[in-house]
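Rule-based calculations on the coordinates, nothing more; no lab input. In this text, all values refer to a predicted model and were calculated from it rather than measured experimentally. All Cβ positions, glycine included, derive from the backbone under ideal geometry; neighbour counts span all protein chains shown.
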Amino acid sequence: MASPCVVGRAVGPQVRYGSGVTSTPTPEAPSFDAVFANKPVILAPMEDITDDVFRRLCRGVGADVCVTEFVNVEGLLRGCRNAKRKIRLSEDDVLTSIQIYGSSPERLAEAARVAADARPFYVDINCGCWVPKIAGRGAGAGWLRDPKAMVEMAAMVVRAVDAPVTVKTRIGYGPESDMPIVDLARRLEDVGVRALTVHCRTAQMGHSGAADWSWARKAREAVKIPVIVNGDVRSGEDAVRAIAETGCAGVMVGRRAIEHPWVFREAYGLLREGRTVPQPTAQERIALCKEHLRANVAARGEPHGVRCTRRHLSGYLHGLPGASKLRQELNLCDSLEGCLAILDGARALAA
């Protein structure tokens, strides 16, 4: 029986933010294998970041695959409004994965069925979130404390759904001298996991220290399924280097995309076309600010839509004349009309 919190896709065009182009959505997704054979550059799941608006924006500048904010399985199974929002996919979410997290194998399997009913490109299991309130309760990177249990859980989720199931994890919990990721990759492949994303830090490292891509290479060498390298991919050049050094099938970009979503087109240009894409112009940066503000206000209303866009604007405006003063003015403005007027003034200065 279908869960009462299953949400189908809403109909809507794909808006390529900042480009002025609206396109008809692709009716069918390419196959899983075809996408991962083409060096995909993937938008990482990020809480309060990778919502519908930001996914559309990133697709518009070259992201091949996007992953939703992570979804708490308990909230999803209880029909919580926020969890339902996170799995609501529009027609242009053809290449969007839904990521779920939890500490109970049975609840994860049940939630995976709900997520799969929303028709994502694949269902991803979060086994990498290091935040204490998640990992400390046995979810996210907490699974790395017991790799055997993690594999058994993944097997249960794989059996529960027809959709491809993937796992995003870290090289170990830390501070292991010999990280478990290589053996873990083999065992996850054995139970039917279709792809593995490796954030190349331990859980205890969080976001500190350098990501050690060599572990992604070792995992990739041990399996036949696609391995995606994640961690410290901050430019198109990083994406090329990460794939060259690891032989991985693709890369996943997280925090850099928040402030500089053009990283996707930079990676696309180098990986697919062998060319360096110019940095965004001042006019492009301002246009993206305006489009993101409009879209968030349309989705969330004022002032919340304005406020939740601020975390992005600082990066979007980087390098503009008077950027510091401009950011201060935007941070004090709660109305869409006021923010657009401030940005129009900046555009005139940058012209």
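Counting other beta carbons within 10 Å of each Cβ, put 182, 114 in order, fewest first. All intermediate terms of the calculation are to be shown ahead of the outcome.
Working: 182 19, 114 26.
Listing 182, 114 from fewest to most nearby Cβ atoms yields 182, 114.
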* Structure fact -> The answer for residue 90, listing residues at least 5 apart or on another chain whose modeled amide H is closer than 5 Å to its amide H, is 10
* **Using a Förster distance of 45 Å, the FRET efficiency for residue 177-residue 48 (Cβ separation, nearest 0.05)** => 0.80
* Asked: If the cut-off is a Cα-Cα distance under 25 Å, which lysines reach residue 290, setting aside same-chain residues fewer than 8 apart in sequence?
  -> 86, 325
* Qualifying trypsin sites (Lys or Arg not before Pro) in the range 247-282, DSSP loop, other Cβ atoms within 10 Å at most 11 -> 275
* Residue-by-residue Karplus 3J(HN,Hα) for the range 179-193, coefficients 6.51, -1.76, 1.60, Hz, glycine and proline x -> 5, x, 4, 5, 5, 4, 4, 4, 5, 5, 4, 4, 8, x, 5
* To do: Return the sequence-ordered ³J(HN,Hα) values of the range 287-292 in whole Hz as given by the Karplus equation 6.51 cos²θ - 1.76 cosθ + 1.60 applied to θ = phi - 60°, using x for Gly and Pro.
  => 4, 5, 4, 5, 5, 5
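Which trypsin sites (Lys or Arg not before Pro) from the range 100-145 combine a DSSP loop assignment with at most 16 other Cβ atoms within 10 Å?
137
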* For the range 33-45, in order, what is each residue's ³J(HN,Hα) by Karplus, 6.51 cos²θ - 1.76 cosθ + 1.60 with θ = phi - 60°, in whole Hz (x at glycine and Pro)? -> 5, 5, 5, 7, 8, 10, 6, x, 10, 10, 7, 6, x
* Most exposed first by the Cβ proxy, i.e. fewest other Cβ within 10 Å, how do 51, 212 rank? -> 212, 51
* Asked: Check residue 67: other-chain or 5+ apart residues with amide H under 5 Å from its amide H, H built from backbone geometry?
  -> 43, 97
